[in-house]
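Below: one structure, written as structure tokens.
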Amino acid sequence: KKEFVATLIEIHQRAEIMKGKELSTTPYSAFFHSSYFLQNLHEKVGIFLDEPLVREQSRADQIKTEKRWQNENMGERYLFVVDDFKRLISLGLPLTNLPSQFFKYHKYHLWDRFIIFQIGAAIEIAQKNDPILINNYKPRFLQNWRRIETMATMLDKSEIQKWLIIVTRNAQAQCDLLLSNPHDNKILGLITDTRKYLTLGCYDYKLDYAEQKIFRTDA
């Protein structure tokens, strides 16, 4: 209880600080609250929760969530989780030499999700075919690529670390090519294929439908 209460206080304080701030000047992640749980619980064996952190949503709720996520730029804010990692490392948390499983995200890895977002953003910006918009977006785009590469420094030295650096830089090069040649369908096809390959699963991911029944509120 002590750690949980301390975490909620810190989450509330951080939320108050971020209230009304522009995301472009003061980025904060979609899951900054999770970083405070990790900060206060990383030395513990486990944590017991008697309420689910995520509940099943009705179709109506999903539509509202999709609109809210779009309004709050939630897709890009996934990437800012790396800023949370940096904050925790600065506090002395042992977030180095980590196995790739630490970054498991559904059937693949968190960096796959990040690169997929970057590719989608590049395609969307390129389709607008506005040189000024493209040029203004590039510094922000580059910052997000650097965030992804930061995750490689957190991994233990292995083929995964090497693979992440290679894939990140190849995907960045493809995105840069597309932004420089918005009408080139060959580049668009290449980058679309890269995005598809990044969704290939390397973990099993199954829902426990017994739990789903227990926690349903619309039954």
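The values are calculated or read from the model by the stated rules, or taken from the named source; none is laboratory data. Just so it is clear, the model here is predicted, and its values are computed rather than measured. Neighbour counts run over all protein chains shown; Cβ positions are idealised from the backbone, glycine included. What goes into the accessible areas is simple: the full protein's heavy atoms, side chains included, and nothing from ligands, DNA or RNA. Shrake-Rupley method; radii C 1.70, N 1.55, O 1.52, S 1.80 Å.
Numbers for the structure displayed
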read-out	value
Heavy atoms of residue 163 accessible to a 1.4 Å probe, total area in Å² rounded to 10	110 Å²
Within straight-line cross-link reach of residue 138, lysines at Cα separation under 21 Å, skipping those fewer than 8 residues along the same chain	128
Difference of contour (0.36 nm per residue) and Cα-Cα distance, residue 90 to residue 73	3.5 nm
Cross-link partners of residue 107 among lysines (Cα-Cα below 21 Å; sequence separation of 8 or more within a chain)	162, 196, 206
Amide H partners (placed H, <5 Å) of residue 155, local residues excluded	97, 98
³J(HN,Hα), Karplus 6.51/-1.76/1.60, whole Hz, each residue of segment 77-84, x for Gly, Pro	5, 4, 4, 6, 4, 4, 5, 5
By average C-beta atoms within 10 angstrom, highest first, the peptides 75-87, 125-137	75-87, 125-137
By average C-beta atoms within 10 angstrom, highest first, the peptides 5-14, 35-44	35-44, 5-14
Projected label distance in nm at residue 149 and residue 8, using a 7 Å step from Cα toward the beta-carbon	4.2 nm
Euclidean distance of C-alpha centroids, segment 150-195 and segment 122-141, integer Å	17 Å
Whole-Hz ³J(HN,Hα) from phi, Karplus 6.51 cos²θ - 1.76 cosθ + 1.60, for segment 107-117, glycine and proline x	8, 9, 10, 4, 5, 4, 4, 5, 5, 4, 4
Candidates per trypsin sites (Lys or Arg not before Pro) in segment 157-193, loop by DSSP, up to 13 other Cβ within 10 Å	157
